[in-house]
Amino acid sequence: AEANQAAVQAGNACYKRDDYAGAVAAFTLAIGAYATAEVPAQLLSNRSAAYAGLKEYSAALSDAEACIERRPDWAKAYSRKGNALHGLRLLDPAAAAYRKALELEPNNAIVAKSLLNCEQLLRDNAPTSSAAAAATSAP
């Protein structure tokens, strides 16, 4: 248990100094001490954030979804999912994940800002009505 706690502390320290690869390695070591179904949501959340820091958004999403399975009432799990989906440019599902996080934790300013950024990207990437009309009237 002490070695596992040391791995968690090392992962947290790596993350704080933006050493995301070191954080992923340390959190993976800590996760490996558990049976798959017993891995704590906090460790999955931490590794998801570290993967996002590396721009490995698919891995970040996988950990975020496993985190949600363990703690479906935890806003941070949905925030991690939103961040991963946002990184993958899956903006509609990212916005939905951010909304779920805000439903669970309405005063989370960081998630609220992430949702606003995501919604702005959705608006910016939406086809304009004239472009949509041109596309539908093309032969």
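Each Lys or Arg adds one and each Asp or Glu subtracts one; over the other residues with Cβ under 15 Å from the Cβ of residue 119, this totals +3.
Only Lys, Arg, Asp and Glu carry charge here, each on its Cβ (+1 for the first two, -1 for the last two); on that basis the range 1-107 has a dipole of about 240 debye about its Cα centre.
Taking N as the number of residues in the range 15-90, what is its alpha-carbon radius of gyration divided by 2.2 N^0.38 Å? The reported ratio for this selection is 1.00.
For residue 35 and residue 6, a Förster radius of 25 Å and the Cβ-Cβ distance give a FRET efficiency of 0.80, rounded to the nearest 0.05. In the list [x] 30, 21, 12; [y] 35, 15, 13; [z] 26, 19, 13, the label attached to semi-axes √(5λ) of the Cα gyration tensor in Å as derived from the coordinates here is [y].
Protection proxy ranking of 5-11, 75-81, by the mean of other Cβ atoms within 10 Å over each peptide's residues and highest first, is 75-81, 5-11. Would you mind checking the tilt of helix 75-87 against the longest principal axis of the Cα atoms of the chain, expressed as 0 to 90 degrees and rounded to 10? Between helix and principal axis, roughly 60 degrees. State the Cα centre-to-centre distance between the range 7-58 and the range 94-114 in whole Å. Between the Cα centres of the range 7-58 and the range 94-114 lies a distance of 22 Å. This model, with +1 at the C-beta of Lys and Arg and -1 at the C-beta of Asp and Glu, gives the range 37-86 a dipole about its Cα centre of some 160 debye. Per the Kirkwood formula applied to alpha carbons, the range 1-51 shows a radius of gyration over Rh ratio, Rg over Rh, of 0.94. Identify the chymotrypsin sites (Phe, Trp or Tyr not before Pro) of the range 1-71 meeting these criteria: DSSP loop state and at most 15 other C-beta atoms within 10 Å of the C-beta. Passing both the DSSP loop test and the Cβ count: 34.
Bear in mind that the values in this text are calculations on the coordinates, not laboratory data. The model shown is predicted, which means the values in this text are computed figures rather than measured ones. Glycine also receives a Cβ, built like all others from the backbone with ideal geometry; neighbour counts cover every protein chain displayed.
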